[in-house]
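Taking it in order: structure first as structure tokens, then the write-up.
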Amino acid sequence: MEKVKQAKAKTKINKTNKVKKEIPENVKAKLEEERLVKALEEESAFINSTQLNEKMINDFYKFHKRKIRRADFYSLLLCGLVLILIGINFLLDGSDYFFGLICNIIINTFLIILGIYLWVYAFKYQKYDKKESKKIYDDDISTYVNNYYFNNEMVIIKNKIGTTERTYECLEAVYETKDLYYILISRNSGYIMKKDSFTKGKENEFHNFIKEKMGKYYKKRCHRKN
């Protein structure tokens, strides 16, 4: 009788092991991901889930060039204006000699054209290119959902591409506009976060939280009641 019980117990163990072996790797990965997300949700003070679109990305490009890189923007405008004024000034002076007149026209016309080009370039900003996105990321990133998890030490950003983790002191800056937060992880790259997409915590509380964490690297580009 004892041998029968042992045989049944052994059979039960073998069946259990067999079931475990039959769990596909993708299922295991999914279960592990769900466990990690649950842990993130529990330890995060604020959670935001932002659905991207092309307009938001284009608005970020425009904001980046004219607000974040505004020193470069105004430098281009100034250089362009100086070149145009120099070109016009010397062009009007003219020359008493035919050869000098031709050279004067060619050189100063070139300066004016270059100045105009700098102005056009200053006001032209990058636009989202779906084809380029598919070449780089093998996907259309304008359809992504960015999930942001803020705890006391860092921000964790998850989307289809992967996970980005940054402590607050390692962020370049956080810019606040009327409807969005731009979280810069470097001077030339960042993430877009909508104010109305918090799933944990309130936006007004987050405003105070991120302002304290970022200190002088928090930049407000909107009018709001504090």
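Taken together, the values in this text are just the output of simple stated rules run on the coordinates, not laboratory data. Computed from a prediction, not measured in an experiment: that's the story for all the values here. We place every Cβ from the backbone using ideal geometry, glycine too, and count neighbours over all the protein chains shown.
Dividing the C-alpha radius of gyration of segment 121-187 by 2.2 N^0.38 Å, with N its residue count, gives 1.31. Modelled label positions at residue 132 and residue 170, each set 7 Å beyond Cα in the direction of Cβ, lie 2.8 nm from each other.
For segment 97-226, what's the relative contact order in percent, using C-alpha pairs closer than 8 Å and at least 6 residues apart? Show your work: numbers first, answer last.
Numbers: 120 pairs, mean separation 18.5, N = 130.
Relative CO of segment 97-226 lands at 14 percent.
Compute the label zone of residue 142 within segment 41-80: residues whose backbone N is under 15 Å from the point 7 Å along Cα-to-Cβ. Counting backbone N atoms under 15 Å from the label point, the list is 51-62. Per-residue extension of 0.36 nm, minus the Cα-Cα distance of residue 109 and residue 67, leaves a gain of 12.0 nm for this segment. Sorted largest first, the spans of the alpha carbon positions of segment 132-226 along the three principal axes are 43, 25, 24 Å.
Extending 7 Å from the Cα toward the beta-carbon at both residue 38 and residue 91 defines two label points whose distance is 7.2 nm. Modelled spin-label separation between residue 82 and residue 220, with each label point placed 7 Å from Cα along the Cα-to-Cβ direction: 3.6 nm. Across segment 159-201, Cα-Cα pairs farther apart than 11 Å form 70% of the total.
Applying a threshold of 23 Å to the alpha-carbon distances of 135/178; 55/131; 131/195; 67/202; 67/216 flags 135/178; 131/195; 67/202 as lying beyond it.
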